[in-house]
Amino acid sequence: MCCVTVLRNVFRLIWTGALVLTGCSRVPAKPVTPAPRVTLTVFAAASLSDAFTEIGQAFEAAQPGVKVVFNFAGSQQLRTQLEQGAQADVFVSADVREMDAAIAAGLVVSGTQVVFVHNQLTVILPKDNPGHVEHLADLARPGLKLVLAAENVPVGAYTRQALDRMAADPAFPAGFKAAVLANLVSSEDNVKQVVAKVSLGDADAGIVYISDVTPAVAVRVTTLPIPDRYNITATYLIAPLHHSSQPVLAAEFVAIVLSPAGQAALRHWGFLPVRP
């Protein structure tokens, strides 16, 4: 059974309402005017686009009249948009730093944020591997074209932490991190842009989340795993926004992401759920 079907079945159990039965009446029934559609707006980290689109579709199927609208971007971009007055109901960050900043700005009430999933990093290369990258140390080879997310993007910050761990290992040459960053030809605003550039052959290598290597991406790239001793575990948090216009729906969306069905959907897309 696919994840969407499982999610829909769970949602039906959660939100099944009482059936309104029409009795035998001689008075003609009045035409029913459809209720206006309600929009739930979710600002979510770009790396969640596939998984959350699936969850959102199932949420809509179980909630007639509700439309889930997503804004996927780098967590730092989303938080900035919210600070500048953008309206939304749920904020989903790929790191603790941006969620803490949202709390400090009064966008999220402290204590309502929840860690709901984890992720890790991997190196991606074009299928034909034009840079001949076989080992992590090859990332420091002069002339290699490397694309990373910018340092203020969660995946960009995690990447630099992983490079610090590698540089601290005597197995890597002196000045390893500096040499790797010297190969940087582009700094991107979100992880999907890194994936796109490597997939198109505009770079020899990039570092992204494991979950970004979806089946559609895997036909265009190959991966070079980063061992656990160097890897960084990304922490994702979700919270209803303080001034949401749909607080009940926002809470229900958060609950579904945390539910076994929501966690199964995230696992299907390569994430590391925090709940079984």
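The values are calculated or read from the model by the stated rules, or taken from the named source; none is laboratory data. On a predicted model such as this, the values are computed, not experimentally measured, just so you know. Note that each Cβ is placed from the backbone with ideal geometry, even for glycine, and that neighbours are counted across all protein chains shown.
List of remarks:
- Test result for A150, surrounded by fewer than 23 Cβ atoms within 10 Å (Cβ to Cβ) and in contact (Cβ under 8 Å) with a residue 24 or more places away in the chain: yes
- Any hit, the stretch 130-144, residues being part of a strand (DSSP E or B) and surrounded by 14 or more Cβ atoms within 10 Å (Cβ to Cβ): no
- Count of the stretch 47-105 residues which are assigned to a loop (DSSP other than H, G, I, E, B) and either farther than 17 Å from A157 by Cβ or more than 17 Å from the chain's Cα centre (by Cα) (or both): 10
- Residue in the stretch 267-275 that is in contact with a helix residue (DSSP H, G or I) (Cβ under 6 Å, 6 or more places away or on another chain) and part of a helix (DSSP H, G or I) present: yes
- Close pairs from the stretch 223-248: first assigned by TED's automatic domain parsing to the domain that holds A205 and under 30 Å from T39 (Cα atoms), partner at pLDDT below 95 and in a loop (DSSP other than H, G, I, E, B), Cβ under 6 Å, at least 6 apart: none
- Pair list, Cβ < 9 Å and 6+ apart or interchain, from the stretch 101-126 residues that are at positive phi to residues that are assigned to a loop (DSSP other than H, G, I, E, B) and of a type outside the set (D, E): G106/H242; G106/H243
- When every residue of the stretch 226-234 is checked against the conditions, at least one turns out to be within 20 Å of P154 (Cβ to Cβ) and in contact with an Asp or Glu (Cβ under 8 Å, 6 or more places away or on another chain).
- Scanning the stretch 185-204 for residues that are of a type in the set (A, V, I, L, M), out of contact with any helix residue (DSSP H, G or I) (no Cβ under 6 Å at 6 or more places or on another chain) and buried (at least 22 other Cβ atoms within 10 Å of the Cβ) turns up V194, V198.
- Within the stretch 233-256, tally of residues that are among the aliphatic types (A, V, I, L, M) and either in a loop (DSSP other than H, G, I, E, B) or under 12 Å from the mean Cα position of the chain (by Cα) (or both): 4
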